[in-house]
Amino acid sequence: MGNLAPVRRRQWVGEQDREILRLAVPAFFALVSEPLMLLADSAIVGHLGTPQLAALGVAGTILQTLVGICVFLAYGTTSAVARRIGAGDHKGALAQGIDGLWLALLLGVVLALLGLALAPQAIAAFDPSPEVADHAVTYLRISCFGIPSMLLLLAATGVLRGLQDTKTPMVVAITANLANIGLNVLLVYGLRLDIAGSALGTALAQTGAGVALVVVVVRGARRDGAKLRPDRPGILASAQMGVPLVIRTLTLRAAIVLLTFVATALGTTSVAAHQVAFTLWSFLALALDAIAIAAQALTGRALGAGDVAGTRAITRRMMWWGLFSGLIGGLALWGLRDVYVPWFTSDPEVRRTLAAILIVSALWQPINGVVFVLDGVLIGAGDGRYLAAAGIVALVLYVPLALAVLWLGGGIVALWWAFGGYMLLRFLTLTTRERRDAWLVTGATR
């Protein structure tokens, strides 16, 4: 009998690991598909000319910002649906998901109309040349027609994650990526639509992906007898739940914008090295974010089922996963830098600067891993208000750190130490919350 407890514990941990992998691996491939889609667009448009490529950069930044602010449609919906699944209310879970879809559609229409009306003003804010501005306005206006589908895609993905299904969004994302490449080549080069063809092709691919996932969710709702028509209280509740997550997202975006702003002020070599370093940082973040998505789904389900002990156990296990993944990513970033740095630039000074940044970035990766996981855990618990408050605190303390690099004449490596300090601030606020019980609210709703 004395030997049974360790065996049972190993079995329980093994089951946890399998469930984390079951959700995280497909989520990772779905997440990777988005930057690959942007990369494909850049490769295709880049052969049209420098003005078109520059226009894609400007218009794409605006579009990504609009959609990025609405990521709460995925995160909030995942948490709400997972809670109801844990409570055994499958019909209620899908009804909650349908409310999220209606909210996504309404927001998508509003943002699309604003984008169409204000595209020239938004592009002008970047002060591009007239030729670049013309191409950028064209791209942005055509892309605006795809915004409702993009937001529906976010919300439907959140519903399926809450239902513990990350495979279907992965399949749809990969299919949309392939369709995007085919449509872009056909419309840009076959029909000679220039940059307008790229915008149209991407919008069509994203629309197809959005429709496909909405159909999956609607079929599930019909099968379980969940309502499909708009429910005003449910839509308002979904919107209210999303406000803290929007604030959290804005603090993250502000921290990254400040990082880029200071890097730019440090000179051409610094900003060139920074751009590559941040691209690599963002790719590693996708792997960590995949574990965070698993954390959202599993935490919401466990709390919905009233299993506080299980929530604690899965949280601690995922924290180890985040720490280990960050350590592996950091070691790869550090140990292989002499191999991959030459891929990005032939400038010796940029190479030296980049290699120095990557050492600093590598050291922070284990901290990043825990931060991403706990972010997912608290989102899954519906603890958005704390995340918003913690995000504001971390940003307020980070701003003087970043600006001090300019004030004190520091370099780009010092700036990345400051950015690491920002991640440490997030680590401290999130681990402090995790150790307490206030976020462990059980039941079908928070």
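Here, each number is a calculation from the coordinates, and none is a lab measurement. Note that this is a predicted model, so its numbers are computed, not measured. Note that we place each Cβ from the backbone using ideal geometry, even for glycine, and neighbour counts take in every protein chain shown.
Based on the Cβ-Cβ distance from L336 to E131, what FRET efficiency comes out when R0 is 35 Å, to the nearest 0.05?
Working: r = 40 Å, r/R0 = 1.14.
It comes to 0.30.
If R0 is 41 Å, what FRET efficiency do you get for Q121 and I359 from their C-beta distance, rounded to 0.05?
Numbers: r = 42 Å, r/R0 = 1.03.
Computed FRET efficiency for Q121 and I359 comes out at 0.45.
Debye calculation, C-alpha points only, no solvent: report log10 I(q)/I(0) for the stretch 165-218 at q = 0.14, 0.16, 0.29 Å⁻¹, in the same order as the q values.
For the stretch 165-218, the Cα-only Debye profile gives -0.39, -0.48, -1.00.
Quote to one decimal, in nm, the extra length available between T61 and T260 on full extension: 0.36 nm per residue of separation minus the C-alpha distance between them.
Details: separation 199, 0.36 × 199 = 71.64 nm, distance 1.34 nm.
This chain segment gains 70.3 nm when fully extended.
Give me a comma-separated list of calculated 3J(HN,Hα) values for the stretch 286-299, in order, Karplus coefficients 6.51, -1.76, 1.60 applied at θ = phi - 60°, integers in Hz, x for any Gly or Pro.
With coefficients 6.51, -1.76 and 1.60, one gets 5, 5, 5, 5, 5, 5, 4, 5, 4, 4, 4, 5, 6, 5 Hz.
Using each residue's phi in the stretch 78-93, evaluate 6.51 cos²θ - 1.76 cosθ + 1.60 at θ = phi - 60° and report the 3J(HN,Hα) Karplus result to the nearest Hz, with x for Gly and Pro.
Coupling constants for the stretch 78-93: 4, 4, 5, 5, 4, 4, 5, 5, x, 7, x, 9, 5, 5, x, 4 Hz.
Quickly rank 135-144, 73-82 as a protection proxy: mean count of other C-beta atoms within 10 Å, highest first.
Values: 135-144: 24.3, 73-82: 29.8.
Taking the mean over residues of other Cβ atoms within 10 Å, the ranking is 73-82, 135-144.
With unit charges on the beta carbons (Lys and Arg positive, Asp and Glu negative) and the dipole taken about the Cα centre of the stretch 292-446, which residue among G329, A418, L298 sits farthest to the positive side?
L298
Ordered by residue, what ³J(HN,Hα) values in Hz, to whole numbers, does the stretch 348-362 give under the Karplus form 6.51 cos²θ - 1.76 cosθ + 1.60, where θ = phi - 60° and Gly and Pro are x?
Coupling constants for the stretch 348-362: x, 5, 5, 4, 5, 5, 4, 4, 5, 4, 5, 5, 5, 4, 4 Hz.
Would you give the gap between the C-alpha center of the stretch 53-87 and the C-alpha center of the stretch 152-173, rounded to a whole Å?
Using only Cα atoms, the two centres lie 12 Å from each other.
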